[in-house]
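Asks: Got a structure for you, questions after.
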Amino acid sequence: HWGAAREPAWRLIDWSGDKSRALFTGSAPDTVGQLNLATGGFTSFTLPAGTQALSYSRPDGTAILATQQASSGDKILRYDLNGKLEKALASGPQNAADFAIYSPDGTAVAVNGAKSVEEVTNSTGATRSLPAPAGATCSPVRWWNASTILASCVASGQAGSRLWLVPTTGAQPMALTQPRSPKGPDLGDLNAWQLPSGLYLQAAGACGVVFIAKQASDGSATTVNVPQTTGNDNQIVTASGDKLLVRAQTSCAESTSLLWFTPATNAVQMLIRAPSGIQGVIAAVPYRPAGM
């Protein structure tokens, strides 16, 4: 808790890799707030109109990644911690900023290009397009490791997305998941986490529902049911070791709790249980240590 918490409009969007600060946006998208975690001091500033903060830079959070939206497309920009423009990194199609993600070491940013994933050098803004699967349009999801980007790709004629691993070396992408049937229940894969017990997917279901699935060795996907939840509307936040951090529907559709789930043992550790009829945990932002 801190003084500015009385202003309900502040929304947490990121943690700095050096563990010292938390980043917020206000009711106006161009308003940025920073909380000093050691002192509780809170400061804020305003970016130019139409500009919105996305995250801290990596690895330590010495700058802020932002987007500026325009009718012609989105700009990806880097600001210092006082709101002064440091560099215009890239331009892309509309909604490109929804997919702008810093590499773990902070040397590059993965962005959404017109057709494929693009890698932008943080220091110079040099941009290069990475190969995409034949006939597919791809957007970055997150960095799979230091030299590979996890991308969501939709092939021509296909409604559902498929996950690919895109090497930053320029080598051809490798399929991580298989094409899904329009009959479901998995209508397309949105994200993935490799645990010791297998590959777990954030899968898209009917009517906007997302659920957890596990991909078998033959590429097929089966639904993973989480104990103490209802409706199987479960969003994976992150993974750690053999566990998944999950925002899970635990009562009516408006009641979401936060829990750790260990798929190998089916164990659940409830962190925040939302009472029935209460909206509960509307968002969770995991801390990522420097270099991750």
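The values are calculated or read from the model by the stated rules, or taken from the named source; none is laboratory data. The structure displayed is predicted, hence computed values, not measured ones. With ideal geometry, Cβ positions are generated from the backbone for all residues, glycine too; neighbour counts draw on all protein chains shown. Note: areas computed on protein heavy atoms with side chains; ligands, DNA, RNA excluded. Shrake-Rupley method; radii C 1.70, N 1.55, O 1.52, S 1.80 Å.
Asks: Note down the relative contact order for the range 131-243 as a percent, whole number, built from C-alpha pairs under 8 angstrom at least six residues apart.
Replies: Values: 235 pairs, mean separation 18.1, N = 113.
About 16 percent, as a whole number.
Asks: Something else now. If you look at just the Cα atoms of the range 163-233, how large are its Rg and its Dmax in Å?
Replies: When restricted to the Cα atoms of the range 163-233, Rg and Dmax are 13.2, 44 Å.
Asks: Report, as a whole number in µm² per second, the diffusion coefficient that Stokes-Einstein gives for the range 84-177 at 4 °C and 1.567 mPa s using the Kirkwood radius over alpha carbon pairs.
Replies: 98
Asks: Something else now. In the chain, which cysteines lack any other cysteine Cβ under 4.7 Å from their own?
Replies: Unpaired cysteines in the chain: Cys207, Cys252.
Asks: List the pair-distance distribution P(r) of the chain, using every Cα-Cα distance, as the percent of pairs falling in each 5 Å bin from 0 up to the bin containing the longest distance, rounded to whole percents.
Replies: It works out to 1, 5, 11, 14, 16, 17, 16, 12, 6, 2, 0, in whole percents.
Asks: Give the Rg (one decimal place) followed by the Dmax (whole number) of the range 32-77, computed from C-alpha coordinates and expressed in Å.
Replies: Considering the range 32-77 through its Cα atoms, Rg and Dmax are 12.7, 42 Å.
Asks: Still on this model: Would you mind finding the longest exposed-site-free stretch of the chain, with exposed chymotrypsin sites (Phe, Trp or Tyr not before Pro) meaning DSSP loop and at most 15 other Cβ atoms within 10 Å?
Replies: So the longest stretch without any such site is 3-286.
Asks: Continuing with the same structure: Towards the positive end of the charge dipole of the range 69-189, with charges on Cβ (+1 Lys, Arg; -1 Asp, Glu), say which of Ala146, Leu187, Asn82 has the farthest Cα.
Replies: Projecting each Cα onto the dipole axis, the largest value belongs to Leu187.
Asks: A follow-up question, please. With every protein chain present, what accessible area does Val281 have (1.4 Å probe, heavy atoms only), rounded to the nearest 10 Å²?
Replies: 20
Asks: Relative contact order of the chain, please, whole-number percent, based on alpha carbon pairs below 8 angstrom and at least 6 residues apart. Walk me through the intermediate numbers first.
Replies: On the way: 754 pairs, mean separation 28.8, N = 292.
Relative contact order for the chain comes out at 10 percent.
Asks: I've got another one for you. Within the chain, count lysine pairs with alpha carbon atoms under 25 angstrom apart where the residues are 8 or more positions apart or belong to different chains.
Replies: Lysine pairs, 8 or more places apart or on different chains, close enough: 9.
Asks: Under a plain spin-label model, where a point goes 7 Å from the Cα along Cα-to-Cβ, how far apart in nm are Ala49 and Arg11?
Replies: If labels sit at Ala49 and Arg11, their model points lie 2.1 nm apart.
Asks: Taking N as the number of residues in the range 1-153, what value does Rg over Cα atoms divided by 2.2 N^0.38 Å take?
Replies: It is 1.06.
Asks: Which order do Ser257, Ser251, Ser72 take by accessible area at a 1.4 Å probe, largest first?
Replies: Ser72, Ser251, Ser257
Asks: Provide the per-residue ³J(HN,Hα) series for the range 183-191, in order, calculated from phi with Karplus coefficients 6.51, -1.76, 1.60 and θ = phi - 60°, each as a whole number of Hz, with x at glycine and proline positions.
Replies: 7, x, x, 7, 8, x, 9, 9, 6
Asks: While we're here: In debye, nearest 20, what is the charge dipole magnitude of the chain about its Cα centre with +1 on Lys and Arg Cβ and -1 on Asp and Glu Cβ, if you could check?
Replies: Using Cβ point charges on Lys, Arg, Asp and Glu, the chain gives about 80 debye.
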